[in-house]
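Just passing along the structure, written as structure tokens.
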Amino acid sequence: MSASLAVEIASAAARLVVDEGMEYAQAKRKAARALGRTPRGGAELPPNELVEDEVRSYIELFCADTQPGELRALRELALRWMQRLAEFRPHLSGAVWRGTATRLSAVHIDLYCDDPKAAEIALINLGIEYDASGDDDLHYLSVADRCPGFSDPVTLHLAVRDLDDQRGALKPDARGRSWRGDAAGLQRLLDADTA
């Protein structure tokens, strides 16, 4: 794929991520199709880092007045859930962690468990309704919660991972930035925004 085509797909995907709340993989595929490129596997799509660069540029141009407040609200919601589920060593990932979330973004939290059913049992004990999905490799629990200042509920996707997976949880991307962070790391981000 040429560099210019990669940027074109990433730019179109960024609009879908910000304006429609799509996840990167879905947005890249839809953008490629819209540009007349039918992707055959991920090799023909731009890397997530390039899409994230385009998302940041798009936010700076079109959402600079609203996005910082929306991001803070989503991070505060994520921290509440991480504290609530602290026994599962939660790590925030996705746009809320990386700083590109808007009110349409879902909150992604990884939970690390010895027993994959433990997180479900915890939600049941807390009286929280959830939807379960996934396969043999990864199990997701999705919940909806209200976020102050948002008219619609926010979706939280809780990825239930094996306890051993936590060892690679803070592995950085190609630019040295972590794809996820724990509650202490999230609190540092919130404190830095306040300062």
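Considering only segment 1-37, how many residues are within 19 Å of the chain's Cα centre (by Cα), more than 19 Å from Ile59 (Cβ to Cβ) and polar (S, T, N, Q)?
Residues flagged as within 19 Å of the chain's Cα centre (by Cα), more than 19 Å from Ile59 (Cβ to Cβ) and polar (S, T, N, Q) within segment 1-37 amount to 0.
Which one is modelled with the lowest pLDDT, of the residues in segment 175-195 that are surrounded by 12 or more Cβ atoms within 10 Å (Cβ to Cβ) and in contact with a helix residue (DSSP H, G or I) (Cβ under 7 Å, 6 or more places away or on another chain)?
Of everything passing the filter in segment 175-195, Asp193 is modelled with the lowest pLDDT.
Within segment 46-113, which helices (runs of 4 or more DSSP H) (wholly inside it) include 1 or more residues that are farther than 13 Å from Val17 by Cβ and among the small types (Gly, Ala, Ser)?
67-84
Here is a further query. Of the numbered conditions (1) closer than 21 Å to Thr155 by Cβ; (2) in the same structural domain as Ala174 (by TED's automatic domain parsing), Asp114 fails exactly one; give the number of that condition.
Condition not satisfied by Asp114: (1).
Could you please tell me which pairs satisfy a Cβ distance under 6 Å, a separation of 6+ or placement on different chains, a first residue in segment 168-190 that is over 23 Å from Pro47 (Cβ atoms), and a second residue that is assigned to a strand (DSSP E or B) and not acidic (Asp, Glu)?
Taking only residues 6 or more apart or on different chains, the pairs are Asp182/His91; Leu186/Leu92.
What residue, of Trp81, Trp97, is among the aromatic types (Phe, Trp, Tyr) and within 24 Å of Arg15 (Cβ to Cβ)?
Result of the check over Trp81, Trp97: Trp97.
Moving on to the next point. Under 6 Å between Cβ atoms, at least 6 apart or on separate chains: pull out the pairs that start in segment 96-120 with a residue that is within 16 Å of Leu141 (Cα to Cα) and end on any residue that is part of a loop (DSSP other than H, G, I, E, B) and among the small types (Gly, Ala, Ser).
If the second residue must be part of a loop (DSSP other than H, G, I, E, B) and among the small types (Gly, Ala, Ser), no pairs are left.
Let me ask another. Could you go through segment 58-74 and let me know if any residue there is surrounded by fewer than 20 Cβ atoms within 10 Å (Cβ to Cβ), touching a residue at least 24 places away in the same chain (Cβ under 8 Å), within 20 Å of Ser178 (Cβ to Cβ) and in contact with a helix residue (DSSP H, G or I) (Cβ under 7 Å, 6 or more places away or on another chain).
Within segment 58-74, one or more residues are surrounded by fewer than 20 Cβ atoms within 10 Å (Cβ to Cβ), touching a residue at least 24 places away in the same chain (Cβ under 8 Å), within 20 Å of Ser178 (Cβ to Cβ) and in contact with a helix residue (DSSP H, G or I) (Cβ under 7 Å, 6 or more places away or on another chain).
With (1) under 23 Å from Leu170 (Cβ atoms); (2) surrounded by fewer than 16 Cβ atoms within 10 Å (Cβ to Cβ); (3) outside the structural domain of Thr155 (by TED's automatic domain parsing) as the list, and Gly36 as the residue in question, which single condition is left unmet?
All conditions are met except number (1).
The values are calculated or read from the model by the stated rules, or taken from the named source; none is laboratory data. Source: prediction; values computed, not measured. With ideal geometry, Cβ positions are generated from the backbone for all residues, glycine too; neighbour counts draw on all protein chains shown.
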